1. Where the centre of each part is set by its Cα atoms, how far does region 127-200 sit from region 31-99, in angstrom?
2. Can you work out the Karplus-derived ³J(HN,Hα) for every residue in region 300-313? Use 6.51 cos²θ - 1.76 cosθ + 1.60 with θ = phi - 60°, whole Hz, and x for glycine or proline.
3. Give me the net charge for the shell around Thr316: Cβ to Cβ below 13 angstrom, other residues only, Lys and Arg +1, Asp and Glu -1.
4. Once neighbouring chains are kept in place and the probe is 1.4 Å, which whole percent of the accessible area of the chain is contributed by carbon and sulfur?
5. List the GluC sites (Glu not before Pro) within region 206-257 that DSSP assigns to loop and that have no more than 16 neighbouring Cβ atoms inside 10 Å.
6. How much length, in nm to one decimal, is gained on full extension between Ser30 and Lys67, taken as 0.36 nm per residue of separation minus their Cα-Cα distance?
7. For the pair Leu40 and Lys274, how long in nm is the line joining their label points, each one 7 Å along Cα→Cβ?
8. As I understand it, the value is the acute angle between the Cα axis of helix 338-350 and the longest principal axis of the Cα atoms of the chain; what does it come to in degrees, rounded to 10?
Amino acid sequence: PRAPAGMGDVPEPSPQAPLAVLSKVELRVSCKHLLDRDTLNKSDPCVLLLMQSQGQWMEVDRSEVIKSNLNPVFAKIFTVDYYFEEVQKLRFEVYDSHGQAGVGTHDDDFLGGTECTVGQIVAQKRVTKPLFLKYGKFAGKSTITIISEEISGNNGYVELAFRAKKLDDKDLFSKSDPFLEIYRIDDDRSEQLVYRTEVVKNNLSPIWEPFKVSLNSLCSCEEKRKLRCVVWDYDSRGKHDFIGEFFTTFEEMQKAMGENKVQWDCMNPKYKIKKRNYKNSGVVVLLDLKIHRVYSFLDYIMGGCQIHFTVAIDFTASNGDPRNSCSLHYINPYQPNEYLKALVAVGEICQDYDSDKKFSALGFGARIPPKYEVSHDFAINFNPDNDECEGIQGVVESYQSCLPKIQLYGPTNVAPIISKVARVAADEERTKEASQYFILLILTDGVVTDMADTREAIVRASYLPMSIIIVGVGNADFTDMQILDGDDGVLRSPKGEPVLRDIVQFVPFREFKNASPTALAKCVLAEVPKQVVEYYSYKAFPPRCPRP
């Protein structure tokens, strides 16, 4: 018979829990070749971290002051919340500190500053940038290096099954009622309770129920971290009798994988001193150990997974003649049209995660030169061998220059473009590595004409490393487009086959017309990290080894 230990049993971690988009990122900072502002000795540097909020720079935190050092490595760890779907601008400022007076903000105390985004640091893991003084002037050869590390505690969890044999009997009229506690020994030598088993009544060779704990909780994800395991005889008044203890590590526990078992002598140090022939107070056996790795979006990005971004633009006649100011494709020198606003808002986020900053840009629904035949997947730079443009600006320029050369036509067929990106994603999938994930942004002014083919293409694409974002531009009735966004139910192919993953996000641009561009990006990109993790988890592809 078993009785609950009644001592704060640890709840089982949910495997889904770590899939939250928000993570915390630790930033470690060092500098080299700082300017020497002090006459008698070297500068005493301190780093301020500022974050942009509604256009204003706000100080988030600051490092310690390192005395007399032009190449400081700061012990301070900056912790920032990380959101994939936002551009989070950071500014690092280095000052020469003056003892009790603190960090001065005079120009002569300023050793330099630099700006970047959280996304850039996360994607590159280690960023070294020059420091600038005011007015964009280099601060000599000064540089700052920022190293990022995720602390979402989602390196997975471990399932452990323990039993004991021949434990000491602590009770007069019955056998001991043993339970097991596991403690993690932290760097400051303090002990943190990781798990407490249930009590097995009246049994000197108990078999405890298997349990799960996160690797972060068990050993701070460090396999060599020392663990202390203690066996007690349960006492209903709370005065539990100590039976014995042993020390181990997660590294040692892993020998119990497969058919193997690991066992430890359960020792009572007092008995060891007092009793000459003392061997142990029983043995504890680890019957089984299973590791369940759960990776996060950041694990994949930091492992070198690149986000490849493709934009597809609707050039059907329903947009209106681009020369007419009522057209959705009208190029107003003072105000970008809705197509450009949506493209820039989403593309600016994605470009931080793509090392070559080259974006594929395609058009559909137009007659194109030289023969003016309708095409549903043409490169807007008119280079059939290479549809990539240099950065978001390159896409904008190609879009503006292609408008006068094409004839807007129809119908609104998007299946060809989905299939085109899917073919590239399928080639990537064959590498069996988490190295490239594809985001297709479709900008359209109407409901798609080839709905059956589109549904079929989406179902096929849901098995590949890709996500689809559709932004509805203009004032059309987009009710039918909501079907493609699986939020109201599972999207199925015409034959009834369901999507493997929900990979489509649809939003009408008009809902964000008066909001900031970041609001649109936030809405359409919020699902992407979850979609990336779902895909690689389904495929059982771990993140690649992080770049050194």
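1. One Cα centre to the other: 28 Å.
2. 5, 5, 6, x, x, 5, 9, 9, 9, 10, 10, 10, 10, 10
3. Working: positive: Arg367; negative: Asp314, Asp321, Asp445, Asp450.
Residues near Thr316 contribute -3 overall.
4. On the way: 13100 of 26350 Å².
Carbon and sulfur together cover 50 percent of it.
5. Numbers: sites: Glu222, Glu223, Glu245, Glu251, Glu252; in loops: Glu222, Glu223.
Filter output for region 206-257: Glu222, Glu223.
6. Details: separation 37, 0.36 × 37 = 13.32 nm, distance 1.39 nm.
My answer for the length gained is 11.9 nm.
7. It is 6.5 nm.
8. Result, in degrees: 30.
The values are calculated or read from the model by the stated rules, or taken from the named source; none is laboratory data. Please read these numbers as outputs of a predicted model, since none were measured by experiment. No Cβ is skipped: glycine too gets one built from the backbone with ideal geometry, and neighbour counts run over all protein chains shown. What goes into the accessible areas is simple: the full protein's heavy atoms, side chains included, and nothing from ligands, DNA or RNA. Shrake-Rupley method; radii C 1.70, N 1.55, O 1.52, S 1.80 Å.
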